[in-house]
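J.: Starting off with a structure, shown below.
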Amino acid sequence: MNSETGKIIIGIGLIILLIGIIIYFFYDKLHWIGNLPGDIRFEKGNVRFYFPITTMILVSIVLSLIVQIIKRLF
């Protein structure tokens with residue numbers, strides 16, 4: 001291990017901490033996540049199928065932006 005690995009681990013830890021704080025304090029305001037237009041839901045009898053494609057695309061874009069910003073800073 002070197003100092004770069006330590007920086008990466010600290011950065012990932014801070015991001016996880018930030019996400020946890022946001023979820024803890026703003027949980028009631030984030031009810032739209034997973035209920036976006038384009039998320040596929042199918043319910044019939046005892047069968048439930050849920051595929052949050054729009055939510056996954058949005059999360060992917062946000063995470064890509066965060067990674068690009070972190071790469072430019074370090």
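J.: How many residues does the stretch 20-49 contain that are surrounded by 10 or more Cβ atoms within 10 Å (Cβ to Cβ) and in contact with a strand residue (DSSP E or B) (Cβ under 6 Å, 6 or more places away or on another chain)?
T.: Matching residues across the stretch 20-49 total 2.
J.: Taking the stretch 50-74 only, how many residues are in contact (Cβ under 8 Å) with a residue 24 or more places away in the chain and exposed (fewer than 10 other Cβ atoms within 10 Å of the Cβ)?
T.: Going through the stretch 50-74 one residue at a time, the tally reaches 1.
Bear in mind that the values in this text are calculations on the coordinates, not laboratory data. What you are looking at is a predicted structure, and each value in this text was computed from that prediction instead of being measured. For neighbour counting, all protein chains shown are included, and Cβ atoms are generated from backbone atoms with ideal geometry for every residue, glycine included.
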